[in-house]
Amino acid sequence: MKMNVVKCFLPDLNLMVFGYLFLRLAPFIIACFFTLASLLNADYKGVIYLAGLILSTVIVMMFSPIFASTGWEMFKPPANTMPICNAFSLVQDTSLLPQGQSMLAFTFAYLLYPIIKNSVVTMNLPTLIFFPALIIFDFVWNVRNSCYKFGQLVASLALGSCLGVCWALVVSGGGKQMDSLYFTTGSPELVKC
């Protein structure tokens, strides 16, 4: 009887759909996680992160027409974009640079700065493995489905990373006040219950 139940549900299981949903929703889920964790811990670190992420999104949208006006072929949208690329778009053609890629890059760079500054790399190996893997999978997904060209993805990745590091520097006062960043020293004594 168990085998029949398994056979009934397995044909409907499509890993590509789950992969797509995860990649499209990952920036939103990560932003929600940091913000909600911050609110539940009664601190403001997640709100500071969210403010930087919103500012980064606006800046990437502002830079998008600049890259498009260069006339370089690598910054023009692909001609054969698949319909799946716009499945979660709220507004059409708001940015010629992929916002998801820049949000993931911003988050990784924002988290990477205090990890390196405080020398807690070994304690944060899951973060250092998860985010690059997620960024690479998102990159490959966008190229394979002709959602964005390689140049658009690299520009978005570079812009998001630079803005993440800049926001971390601004928030930490140039590295002097690390307490406002999401990761501080990594000390177990700082964890709130």
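The values are calculated or read from the model by the stated rules, or taken from the named source; none is laboratory data. It should be emphasised that the depicted structure is a prediction, and the values quoted were computed from it without experimental measurement. Here the Cβ is made from the backbone with ideal geometry for all residues, glycine too, and neighbour counts use every protein chain on show. Ligands, DNA and RNA are stripped out before the accessible areas are found, and what is left, the full protein with its side chains, is counted by its heavy atoms. Shrake-Rupley method; radii C 1.70, N 1.55, O 1.52, S 1.80 Å.
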- Over segment 31-86, average the accessible area per residue using a 1.4 Å probe and give it in Å², no decimals. 61
- Ranked output for segments 109-116, 37-44 by mean other Cβ atoms within 10 Å, highest leading, reads 109-116, 37-44
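Within a Cβ distance under 11 Å of F183, other residues only, what is the Lys/Arg minus Asp/Glu net charge? Intermediate values should be presented prior to the final figure.
Numbers: positive: K45, K117; negative: D179.
Result for the local shell: +1.
Largest first, what is the accessible-area ranking of C166, C32 with a 1.4 Å probe?
Largest accessible area first, the residues go C166, C32.
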- Between segment 11-60 and segment 116-187, how many Å separate their Cα centres? 13
